[in-house]
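Have a look at the structure below before the remarks.
The values are calculated or read from the model by the stated rules, or taken from the named source; none is laboratory data. Note that this is a predicted model, so its numbers are computed, not measured. Virtual Cβ from ideal backbone geometry, glycine too; neighbours counted across all protein chains shown. Only protein heavy atoms, including side chains, enter the accessible area calculation; ligands, DNA and RNA are left aside. Shrake-Rupley method; radii C 1.70, N 1.55, O 1.52, S 1.80 Å.
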Amino acid sequence: MAKEEASDIEARIPAMEEEIKLLLIPADPTDDKNAMIEIRGGTGGDEAAIFAGDLFRMYSKYCEKRGWKMEVNSSTEGTMGGYKEIVCKITGEKVYGTMKYESGVHRVQRVPQTETQGRVHTSAASVVVLPEAEEFDVELNMSDIRKDTFCASGPGGQCVNTTYSAVRLTHIPTGLVVQSQDERSQLKNFDRALAELRTRLYNLEYEKYLAELSSKRKTMVSTGDRSAKIRTYNYPQSRMTDHRIGYTMYNLPVFMDGEIQEVLDQLQIAENAERLKAAGEENN
């Protein structure tokens, strides 16, 4: 019995050593933060907006499964459905550390609803995931901010309420503009817009950190160019391929229903391998 236990322990030693090495590498301090996520329809017109809506639904379902809270800051609906752009805040445990892998261009191949000939088209939507900044992360001078109010608008541009509850904030030194129109209260919209502005200012500095990392890592799982095509969703073949790690699955409807944890786990494993490799190179 003792021999069996000893051999079992010996077999587990390499994995335990790798785990210990990983624990010794400093974690990214932003991983514990909440996240701001922006989804925009890209090339493909109406179909791209519809796909952006599909991605939003996918993330909403995933957040439900994780017990995270998702709040919409602002959105512009597409003429045929979906969103030209939508900005949300996700609150929960280690949200940014999990969702950061979604930043990049998501490409879809399918027959659009608007296509009469049954031809497969390729469209795209971009996703940007930002770690939410807290008040002490960014020194924000209110005299540098211009506040404008307007009526919240729905599809076609019509006002959906008659009060000027929507808020647009402009950070004069950088030219950054954010807005929030999802709440009926102007004060709540102001608070949301201010939180988003703080996050975007924080990320101007965070981008420099990511650029420094990119020179050290080859696979760039979590920090790569946000304009890079990271994933393809092929509806005729029911296939999803993540190009960063060469991961493919053939159950697209389930994936689009929020079952994305498996690919996020694979991306995490790939990044951990990169971190171990980078740490080894620095120590040599």
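Output the residues belonging to region 40-58 that are among the acidic types (Asp, Glu), open to solvent by 30 Å² or more (accessible area, probe 1.4 Å) and more than 15 Å from the chain's Cα centre (by Cα). Working first, answer last.
Keep residues of region 40-58 that are among the acidic types (Asp, Glu), which gives 46-47, 54.
With open to solvent by 30 Å² or more (accessible area, probe 1.4 Å) added as a condition, the list becomes 46, 54.
Scanning region 40-58 gives a single hit, Asp46.
Could you check, for region 72-88, whether at least one of its residues is within 15 Å of the chain's Cα centre (by Cα) and farther than 19 Å from Arg192 by Cβ?
In the first step, residues of region 72-88 are kept if they are within 15 Å of the chain's Cα centre (by Cα); the result is 72-73, 85-88.
Of the ones still in play, those that are also farther than 19 Å from Arg192 by Cβ are none.
Checking region 72-88: not a single residue is within 15 Å of the chain's Cα centre (by Cα) and farther than 19 Å from Arg192 by Cβ.
Look at Thr79 and say whether it is under 26 Å from His243 (Cβ atoms), open to solvent by 50 Å² or more (accessible area, probe 1.4 Å) and assigned to a loop (DSSP other than H, G, I, E, B). Steps first, answer last, please.
Working: under 26 Å from His243 (Cβ atoms): no; open to solvent by 50 Å² or more (accessible area, probe 1.4 Å): yes; assigned to a loop (DSSP other than H, G, I, E, B): yes.
In short, no.
Does Tyr206 meet the test of being modelled with pLDDT under 85, assigned to a helix (DSSP H, G or I) and either open to solvent by 30 Å² or more (accessible area, probe 1.4 Å) or in contact with a Ser or Thr (Cβ under 8 Å, 6 or more places away or on another chain) (or both)? Step through it out loud before you land on a result.
On the way: modelled with pLDDT under 85: yes; assigned to a helix (DSSP H, G or I): yes; either open to solvent by 30 Å² or more (accessible area, probe 1.4 Å) or in contact with a Ser or Thr (Cβ under 8 Å, 6 or more places away or on another chain) (or both): yes.
Here the answer is yes, as Tyr206 does meet what is asked.
Would you be able to say whether some residue in region 106-119 is surrounded by 17 or more Cβ atoms within 10 Å (Cβ to Cβ), out of contact with any Pro (no Cβ under 9 Å at 6 or more places or on another chain) and either at pLDDT below 90 or charged (D, E, K, R) (or both)?
Here is the first cut: in region 106-119, the ones surrounded by 17 or more Cβ atoms within 10 Å (Cβ to Cβ) are 106-108, 110, 112.
If we keep only those that are out of contact with any Pro (no Cβ under 9 Å at 6 or more places or on another chain) too, we end up with 106-108, 112.
From what's left, either at pLDDT below 90 or charged (D, E, K, R) (or both): 107, 112.
Yes, region 106-119 contains a residue that is surrounded by 17 or more Cβ atoms within 10 Å (Cβ to Cβ), out of contact with any Pro (no Cβ under 9 Å at 6 or more places or on another chain) and either at pLDDT below 90 or charged (D, E, K, R) (or both).
Being out of contact with any Phe, Trp or Tyr (no Cβ under 6 Å at 6 or more places or on another chain), surrounded by 14 or more Cβ atoms within 10 Å (Cβ to Cβ) and modelled with pLDDT under 95 narrows it down to one residue among Lys61, Lys21; which is it? I'd like the intermediate steps shown before the answer.
Numbers: Lys61 fails: modelled with pLDDT under 95.
Unique residue meeting the criteria: Lys21.
Considering region 257-276 alone, what residues qualify as being under 15 Å from Asp54 (Cα atoms) and either crowded, with 18+ Cβ neighbours inside 10 Å or in contact with a Cys (Cβ under 9 Å, 6 or more places away or on another chain) (or both)?
Filtering region 257-276 for residues under 15 Å from Asp54 (Cα atoms) gives 257-260.
If the condition is that a residue be under 15 Å from Asp54 (Cα atoms) and either crowded, with 18+ Cβ neighbours inside 10 Å or in contact with a Cys (Cβ under 9 Å, 6 or more places away or on another chain) (or both), then Gly258, Ile260 are the ones that fit.
Kindly provide the set of residues from region 165-197 that are exposed (fewer than 14 other Cβ atoms within 10 Å of the Cβ) and at pLDDT below 80, ordered by number.
Arg184, the sole residue that qualifies.
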